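The values are calculated or read from the model by the stated rules, or taken from the named source; none is laboratory data. Please read these numbers as outputs of a predicted model, since none were measured by experiment. We place every Cβ from the backbone using ideal geometry, glycine too, and count neighbours over all the protein chains shown. Each accessible area value is taken on the protein alone, full model and side chains, heavy atoms only, with ligands, DNA and RNA left out. Shrake-Rupley method; radii C 1.70, N 1.55, O 1.52, S 1.80 Å.
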Amino acid sequence: MELPDPIVVLKGALPPIAAALLLVGTLGARLHGLALAVGVFVAFWLLKAQPAWPHELWAQPDGRQWLVWALVAAGVLATLEGFRVLRGRVAAVVAALLAAGAVFFVLQKLALRWSNADVFLHVGGGGLLAVLATLAGRRSMANAPATTLPAVVWSALLSADAVLLTVARSGLLAQLCGACAAAVGAAAGTALWRRPFALGPADGGCLALAHVLFVGVGTHLADLPKLAAFAAAVAPFGLLLLQPTAAKRPAWWGLGAGLWLGVPMAVAFGLALG
């Protein structure tokens, strides 16, 4: 198997790491979403080209570029909530609307060629799954321990997504997903010199949406089997099985999170490789 070009790997990994170290390392965990947004945007720019502006994509849609803008919007929304510009149910509703809209725009070009039944299944069903996963990510982080452990878990999940997309023969999607994982991991690493780092509910929703979008796009714009994508997409719901009392014992929470995320991801890899 041909080894990846180290220059290409650095183009995807360095922007999110630098953004996380600069923004989160100097101004705190509330800028984690913005660091992810900046890192993914710059990584796509270096790997491919500057993403077209949304008004340009409306006329000439491109799923990969809409994916970048969806992640940027999710990161900015998480940052606004971190600074309490949005809060409570209003923030949850806006996050849910963003999740549904992200699926619509990412699949916009493909939907033009689909039948009404396929549009209902993939756009409607995919949008509903993205909304539920976003809400599940928010709820799970509200009950998670206020340590770096949840960030490590999410970084590991997104890293697994990147490997899954590599199996699906999409180097660009794998690199972008790896950029998200790098942003989360580097942000958590700032706890070494700042006060303890912890993800909030908004970050959980942002990362759950990123996870669902990547595996969903993998089945439409790459070679990821639909059943494998679905198995991976439901992984964040497993975090809801962890009781709030588990947060008092971070090690047990991490063990449970690894189990409930690992089982569906193992199924996804089995289906993708098979």
Seminar exercise, completed: Simple SL model, points at 7 angstrom along Cα→Cβ for Leu121 and Leu273; separation in nm is 2.8
Seminar exercise, completed: Over the stretch 1-95, with neighbouring protein chains present, the accessible area per residue in Å² at probe 1.4 Å is 54
Seminar exercise, completed: Excluding residues fewer than 8 positions from Lys11 in its own chain, the lysines with Cα under 29 Å of it are Lys48, Lys109
For this session: Throw me the Rg/Rh for the stretch 28-146, computed over C-alpha atoms with Kirkwood Rh, two decimals.
Result: 1.00
For this session: Report, in whole Å, the centroid distance computed from the Cα atoms of the stretch 90-126 and the stretch 24-40.
Result: 27
For this session: Show which lysines lie in cross-link reach of Lys248 when reach means a straight Cα distance below 22 angstrom and same-chain residues fewer than eight apart are skipped.
Result: none
Problem set entry | Carbon/sulfur fraction of accessible area - the chain, other protein chains in place, 1.4 Å, % | 69
Problem set entry | Gyration tensor (Cα) of the chain, equivalent ellipsoid semi-axes in angstrom | 26, 21, 20
For this session: Once you have a ≥ b ≥ c as the square roots of the Cα gyration tensor eigenvalues for the stretch 141-268, tell me rounded if a/c is under 1.5, and otherwise prolate or oblate according to whether a/b is larger than b/c.
Result: oblate
Problem set entry | Calculated FRET efficiency for the pair Ala266/Leu192, C-beta based, R₀ 41 Å, to 0.05 | 0.85
